[in-house]
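Engineer: Once you've had a glance at the structure underneath, I'll fire off some questions.
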Amino acid sequence: MSPTAYFFQQFLNALSLGSIYALVTIGLAMVFSILRLINFAHGDLMMIGSYAILMIWDAGAPGWVAILAGVAISGVAGIIMERVCYRPLRGSAEMTTLLTSFAVVVLLENGAILLFGPNTRPFGILNFSHPTFSIYSTLISKIDVVTVILTLTILLLTALFIKRTTMGIAMRAVADDLTASHLVGIHLNRVIVSAFFIGSLFAGLAGLLWSARAGKIYPLMGFIPVVKAFVAAVIGGFGSIPGAVIGGYVLGFAEVFLIALLPPDFQGYRDAFVFVLLIFILLIRPQGILGAKAMERRI
Amino acid sequence: MPIWGTGKMLQVTGLEVFYGNIQALHGVSFRVAAGETVTIIGSNGAGKSTTLMAIAGLLKPRKGQIKYCGRQVEKLSAYQTVRLGISLCPEGRRIFASLSVHENLTMGAVQRRDRKAVRADIDWVLSLFPDLKSRLEQSGGTLSGGQQQMLAIGRALMSRPKLLILDEPSLGLAPVLVNQIFNVIAALKNENTTVLLVEQNARRALEIADRGYVIETGRITLEGPSAALKNNERVKNAYLGG
């Protein structure tokens, strides 16, 4: 394979991985910007969505029905998570809600182990009969193409939503000044539920793409992506939605090209390099690329 | 000239508000009639802002009643009081810094569904504050203090309130801007908007208001027509600089 072809292949690979990270990170950032809650259970919504898709598909539904229903279930699961786990704690210290999110992780992941068993299951949806094709001797996998196109479409729609719609502007207003949002008459619960719903839909979708990429699912599958999304959010600036997207892609590219450039012996340490990157960023620019200088307390 | 006591818009009775165990209001009572401009004057920490926040639904009183247009509103949240026509322009402006001027005004009308009328009201607000006209796409945080205050008042007006509550609108502004703000309040008064005004600048407040109340350590200690308060010795010494 020519070096150019290899480069393009890795480029697409990075773009695809970065897209998934961006999708997961947006949800994390949306909720954080409004509630100052780092919801580590966000990754488990990917797991819930993926299991839902697989079960609906196994029951005989067509693939697109399973996907739509599974992503919707993930969105609803996010709403339930907010209502049951986080709303009763509204107004408590950030440490409390952070620890609660870990409790939700333990609950959901062990619940999934009880329900589905601890083993991996093959995830065959979006499993194309010819998974790759080649252009100018560059081997391109279809799932990467699907991932990138789908994500870019969603990012565009999200940008329009946040920029143009009343709910989008209200989300930014709440992130800006909570008291003033109350005073102008913004219904805070609606904004919070919308943020959870949208973020969880994206998590469901990211779960689909992640599982299709891996070809398998398991109850703890949400852990690595949410930690990666956390890193991406830190890179981009926690709470900033454009920052979440940038952070997702920076992380995707950093991971893929570290692996591509490093000698094969080091490839097993891929995640270690990611966390070294995190520590490095926290040291030199703790507010991230687009982050505000200081984070004030709220709610 | 409003007739006091008729068309009672707001009636606050025996309001008690606590911050934790600290009592901020010890039974505050006052009223505002429809079309009136009423001011509450008092020093820092006397309970002015606390009173306003309780009316707007940001704080829940432990005791007492707030009656607005014939209904009890002391248990309502802010988004509900806004729906009923109460709009508080808070101390310190609190505009949305990362939102554009236009978006700030849009958020002031967040509960309204009459899009056409909202657009017309944006024009109306811009006619009150022409300085904002050329800055519609600028983000709120880049405005000067005076412009931010104008935007905050404009945003409060965007919900088309029946009762406009202004908390320290002239705080920290240059005299020219203070004049501009008070001119707008006078214009609103002429349009028969009911205004409840809290001000450090007691002289200006009493000039524009029909009636006034003096609040001291969480209690109303004096009340009366503005002209009478202006000539009251205690008010003169404490708030009008002798």
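The values are calculated or read from the model by the stated rules, or taken from the named source; none is laboratory data. Quick caveat, the model's predicted, so the values are computed rather than measured. Every residue, glycine as well, gets a Cβ built from its backbone with ideal geometry; the counts of neighbours run over all protein chains shown.
Engineer: Any chance you could count how many residues in the stretch B:165-179 are crowded, with 18+ Cβ neighbours inside 10 Å and out of contact with any helix residue (DSSP H, G or I) (no Cβ under 6 Å at 6 or more places or on another chain)? Steps first, answer last, please.
Structural biologist: If we filter the stretch B:165-179 for residues that are crowded, with 18+ Cβ neighbours inside 10 Å, which is where we start, we get B:165-170, B:173, B:177-178.
Among the residues that remain, those that are also out of contact with any helix residue (DSSP H, G or I) (no Cβ under 6 Å at 6 or more places or on another chain) are: B:166, B:168, B:178.
Total meeting the criteria: 3.
Engineer: Filtering the stretch B:120-173 down to residues that are in a loop (DSSP other than H, G, I, E, B) and among the basic types (K, R), which residue is farthest from A:G185 (Cα to Cα)?
Structural biologist: B:K162
Engineer: Looking only at residues that are in contact with a Leu (Cβ under 7 Å, 6 or more places away or on another chain) and not small (G, A, S) in the stretch B:25-39, which one is farthest from B:R204 (Cα to Cα)?
Structural biologist: The selected residue is B:L25.
Engineer: Filter the stretch B:106-121 down to the residues that are more than 17 Å from A:A170 (Cα to Cα), within 14 Å of chain A (Cβ to nearest Cβ) and either buried (at least 21 other Cβ atoms within 10 Å of the Cβ) or more than 20 Å from the chain's Cα centre (by Cα) (or both) and list them by number.
Structural biologist: Result: B:D114, B:R119.
Engineer: Given the criteria within 18 Å of the chain's Cα centre (by Cα) and polar (S, T, N, Q), does A:S92 qualify?
Structural biologist: Working: within 18 Å of the chain's Cα centre (by Cα): no; polar (S, T, N, Q): yes.
When the stated conditions are applied, A:S92 does not pass them.
Engineer: Do the conditions hold for B:R155, that is, is it within 14 Å of chain A (Cβ to nearest Cβ) and either surrounded by 15 or more Cβ atoms within 10 Å (Cβ to Cβ) or at pLDDT 95 or above (or both)?
Structural biologist: Here the answer is yes, as B:R155 does meet what is asked.
Engineer: Right, next: Under the condition of being over 14 Å from B:V32 (Cβ atoms) and touching a residue at least 60 places away in the same chain (Cβ under 8 Å), which residue from the stretch B:216-228 is surrounded by the most Cβ atoms within 10 Å (Cβ to Cβ)?
Structural biologist: B:G218
Engineer: Out of B:G5, B:G27, report the one residue that is assigned to a loop (DSSP other than H, G, I, E, B) and either surrounded by fewer than 22 Cβ atoms within 10 Å (Cβ to Cβ) or at pLDDT 95 or above (or both).
Structural biologist: B:G5
Engineer: OK, next. Looking at the stretch B:90-103, which of its residues are more than 8 Å from chain A (Cβ to nearest Cβ) and surrounded by 23 or more Cβ atoms within 10 Å (Cβ to Cβ)?
Structural biologist: B:R93, B:V101
Engineer: Determine whether B:M150 is in contact (Cβ under 8 Å) with a residue 24 or more places away in the chain, at the interface with chain A (Cβ under 9 Å from one of its Cβ atoms) and either in contact with a helix residue (DSSP H, G or I) (Cβ under 7 Å, 6 or more places away or on another chain) or closer than 26 Å to B:A209 by Cβ (or both).
Structural biologist: Answer is no for this residue.
Engineer: Could you grab the pairs with beta carbons closer than 6 Å, sequence gap of 6+ or different chains, first residue in the stretch A:211-223 and in contact (Cβ under 8 Å) with a residue 40 or more places away in the chain, second one acidic (D, E)?
Structural biologist: Close Cβ pairs (under 6 Å, with a partner that is acidic (D, E)) amount to A:P219/A:E109; A:L220/A:E109; A:G222/A:D44.
Engineer: Does A:A229 meet the test of being closer than 25 Å to A:V148 by Cα, buried (at least 20 other Cβ atoms within 10 Å of the Cβ) and modelled with pLDDT of 90 or more?
Structural biologist: yes
Engineer: With the structure loaded, tell me whether A:V106 is modelled with pLDDT of 95 or more, more than 30 Å from B:P161 (Cα to Cα) and of a type in the set (A, V, I, L, M) or whether it fails that test.
Structural biologist: Considered against the rule, which asks whether it is modelled with pLDDT of 95 or more, more than 30 Å from B:P161 (Cα to Cα) and of a type in the set (A, V, I, L, M), A:V106 comes out as yes.
Engineer: Ok, one more. Out of A:S50, A:S16, report the one residue that is more than 30 Å from A:A103 (Cα to Cα) and crowded, with 20+ Cβ neighbours inside 10 Å.
Structural biologist: Checking each option against the conditions leaves just A:S16.
Engineer: Considering only the stretch A:169-190, state which residues are facing chain B (nearest Cβ under 10 Å), crowded, with 18+ Cβ neighbours inside 10 Å, part of a helix (DSSP H, G or I) and out of contact with any Lys or Arg (no Cβ under 6 Å at 6 or more places or on another chain).
Structural biologist: Scanning the stretch A:169-190 gives A:I169, A:A170, A:R172, A:A173, A:V174, A:A175, A:D176, A:S181, A:H182, A:L183, A:V184, A:L188.
Engineer: Return the residues of the stretch B:69-89 that are outside any strand (DSSP E or B) and either facing another protein chain (nearest Cβ under 10 Å) or out of contact with any helix residue (DSSP H, G or I) (no Cβ under 8 Å at 6 or more places or on another chain) (or both); say none if nothing qualifies.
Structural biologist: Pass one, the stretch B:69-89, residues outside any strand (DSSP E or B): B:69-70, B:73-85.
Those that are outside any strand (DSSP E or B) and either facing another protein chain (nearest Cβ under 10 Å) or out of contact with any helix residue (DSSP H, G or I) (no Cβ under 8 Å at 6 or more places or on another chain) (or both): B:G70, B:K75, B:S77, B:A78, B:Y79, B:Q80, B:T81, B:V82, B:R83, B:L84, B:G85.
Engineer: When you go through A:L23, A:L54, A:L15, A:L98 one by one, which is the residue that is in contact (Cβ under 8 Å) with a residue 60 or more places away in the chain and either farther than 22 Å from A:G243 by Cα or not in a helix (DSSP H, G or I) (or both)?
Structural biologist: So the residue among A:L23, A:L54, A:L15, A:L98 that is in contact (Cβ under 8 Å) with a residue 60 or more places away in the chain and either farther than 22 Å from A:G243 by Cα or not in a helix (DSSP H, G or I) (or both) is A:L54.
Engineer: Six or more apart or on different chains, Cβ under 6 Å: which pairs go from a residue in the stretch A:124-151 that's over 17 Å from A:S2 (Cβ atoms) to one that's assigned to a helix (DSSP H, G or I) and of a type in the set (D, E, K, R)? Could you list them?
Structural biologist: Cβ pairs passing all conditions: A:F128/A:K142; A:P131/A:K142; A:I143/A:R213.
Engineer: Check B:G42 against each of (1) closer than 13 Å to B:D167 by Cβ; (2) within 14 Å of another protein chain (Cβ to nearest Cβ); (3) surrounded by 23 or more Cβ atoms within 10 Å (Cβ to Cβ) and name the one condition it does not meet.
Structural biologist: (2)
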